[in-house]
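The values are calculated or read from the model by the stated rules, or taken from the named source; none is laboratory data. All values reported here derive from a predicted model rather than from experimental measurement. Here the Cβ is made from the backbone with ideal geometry for all residues, glycine too, and neighbour counts use every protein chain on show. Remember, those area values only see protein heavy atoms, side chains included, never the ligands or the DNA or RNA. Shrake-Rupley method; radii C 1.70, N 1.55, O 1.52, S 1.80 Å.
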Amino acid sequence: MWLALAFLSATLLGFYDSFKKKSLDGNAVIPVLFLNTLFSSLIFLPFIIGSAMGHTLDGTIFHVASGGWNEHQYIMLKSLIVLSSWIFGYFGMKHLPLTIVGPINATRPVMVLVGAFIVFGERLNLYQWIGVALAVASFFMLSRSGKKEGIDFKHDRWIYFIVLSALLGAVSGLYDKYLMAPTACGGVGLDRMMVQSWYNIYQCFMMGIMLLVLWLPKRSQTTPLRWHWSIIFISVFLSAADFVYFYALSIPGAMISIVSMVRRGSVIVSFLFGAMLLHEKNLKSKFIDLALVLLGMLFLYIGSH
């Protein structure tokens, strides 16, 4: 069940990335990101109010558990991690082809694995090492594909933005499992709907401050905000993808390493979007890079079993 949900989350996440790229095309990043957090908050606000004011949602998958400062401080930290990842990711995606951003983001499971190896001293088996090697090789091949479009991976700041976004996303993935793991297993034991609902609310307030301080005073001197309906679809598909993702993690026996790897399969959807609708270039060489990433993920999956 949780594996099927992971595949569904990956599909929804692919559409989220695609609509995000469409929304950022020639648009101001900060207000688009603020609107994303605002619409996502509005989606979950009825569940928060309904859970607090009555018993209609009790026992359903939409019920939001209540909690005090002890619980909310963990959620606020998650909001900060995710929002930092999004800020770097949004700016990077605006200035780079989707067919390059997608494969880089798909290496997040490798970052999680290497992080566990460095920080926690976990040992990798042969299949996992092969997966890591393939991911590294795909990154270098992707840099060669980027050069054909004038993108220098060593000196392009937007590449660094995407890499930082992926690293912070990997940190967020590890933190998610910690938040929702039972206290008996060393986790915090938070309710999944509480995490998803409130971290959107906190992000909206954080982005509201950034909008007021950084963008509004200089809006006449920077890229203007242009409304497009795809901005709403960012929030809809992201909220649905995260809802399915958190639900999958809450199922007993769900493995964060496998769920994270499957979710990165979203790159297939976004790659097809970039190729068929945005008509991006050098697709043949990029497809080989993507195939290496997916092959690396397959080896990680085998190694995890």
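General observations
- Net dipole in debye of the chain [+1 Lys, Arg Cβ; -1 Asp, Glu Cβ; about Cα centre; nearest 20]: 880
- Cα gyration tensor category, rounded, prolate or oblate, for the chain with a/c compared to 1.5: oblate
- Overall form of region 190-305 per C-alpha gyration tensor (a/c, 1.5; a/b vs b/c): oblate
- The length gained by stretching the chain between L212 and F140 to full extension, at 0.36 nm per residue less their Cα-Cα distance, is 22.0 nm.
- Only helices reaching 24 angstrom along their own axis (Cα) with mean Kyte-Doolittle hydropathy no lower than 0.5 count here, and for the DSSP H runs of the chain these are 2-24, 29-53, 126-147, 157-180, 230-250, 283-304.
- Theoretical FRET efficiency, 1/(1+(r/R0)^6), r = Cβ-Cβ of C185 and N125, R0 22 Å, to 0.05: 0.45
- Global form of region 13-151, assessed from the alpha-carbon gyration tensor, a/c cut-off 1.5: oblate
- Label-point gap, in nm, between I268 and W227 - each point 7 angstrom along Cα→Cβ: 3.7
- In terms of distances greater than 30 angstrom between alpha carbons, the cross-link table entries K20/K154; K21/K147; K177/K284; K20/K284 yield K177/K284.
- Set of region 72-89 residues, backbone N closer than 14 Å to the point 7 Å along the Cα-Cβ line of Y178: 73-82
- Pair A65, A291: separation of 7 Å Cα→Cβ label points (nm): 4.6
- Here the accessible area is traced with a 1.4 Å probe on the protein chains. For region 104-213, carbon and sulfur cover 68 percent of it.
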